[in-house]
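First comes the structure, then the notes that go with it.
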């Protein structure tokens, strides 16, 4: 046991460092989001993600925002569990009839000023599901949407750009 501890102290960590982003455009975009949130809200941005009935493709890209390349947590932007702590609702998928009431309650519980970003083709237009007996279609049919980020699924850069557009709109008003 002693030997293992000493080796650990002498050798140090055996893991490699997180990859640095070689994309200067991504770094600039991330910095813009951070400064726009500070300017419009006076603090960091808190996001509540709502899956209103998606296929989880957009969720995978949203999870990508937290990986070491995008690292939005490092910018102070965080995902929160309660809409009462959120500044922005990130809604994915066509709104199913079963999720309509929950989405309305989440929107009502989010304090002002609040922003809504619809992510993915399904959130923006209803996608392949459209409006039918089980689906209300796009997010804008249920709650007001500030920014729509199309794509099936949109990549994390586009989602980050949509978030920036939403919070910059408040700064310009």
(message) Per DSSP helix of 4 or more residues, -39500 (n - 2.57); summed, then divided by the residues of the chain. What does that give at 222 nm, rounded to the nearest 500?
(response) -13000 deg cm²/dmol
(message) Compute the angle between helix 2-11 and the longest alpha-carbon principal axis of the chain, please, reported from 0 to 90 degrees and rounded to the nearest 10.
(response) 80 degrees
(request) Compute the separation of the alpha-carbon centres of segment 125-170 and segment 40-103 and state it in Å as a whole number. (result) 12 Å
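Please find the FRET efficiency linking residue 102 to residue 78, where r is the Cβ-Cβ separation and R0 is fixed at 30 Å, and quote it to the nearest 0.05.
Details: r = 22 Å, r/R0 = 0.73.
Efficiency, rounded to the nearest 0.05: 0.85.
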(message) Taking the 0 to 90 degree range and rounding to the nearest ten, how far is the long axis of helix 156-172 tilted relative to the main principal axis of the chain, both from C-alpha atoms?
(response) 70 degrees
(request) Using only alpha carbon pairs under 8 Å that are at least six residues apart, calculate the relative contact order of segment 24-172 and give it in whole percent. (result) 27 percent
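When DSSP beta bridges are limited to those with both residues in segment 64-173, what percentage is antiparallel, rounded to the nearest 5? All intermediate terms of the calculation are to be shown ahead of the outcome.
Numbers: 3 of 11 bridges.
So the antiparallel bridges amount to about 25 percent of the total.
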(request) Measure nothing but the geometry: give the 0 to 90° angle between the long axis through the Cα atoms of 24-41 and the longest principal axis through the Cα atoms of the chain, rounded to 10°. (result) 60 degrees
(message) How would segment 24-172 be classified by its alpha-carbon gyration tensor: rounded, prolate or oblate, with rounded meaning a/c under 1.5 and the a/b versus b/c comparison settling the rest?
(response) prolate
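Since every read-out is calculated from the coordinates, none of them should be taken as a lab result. Just so it is clear, the structure is predicted and the values come from calculations on it, not from any experiment. Every residue, glycine as well, gets a Cβ built from its backbone with ideal geometry; the counts of neighbours run over all protein chains shown.
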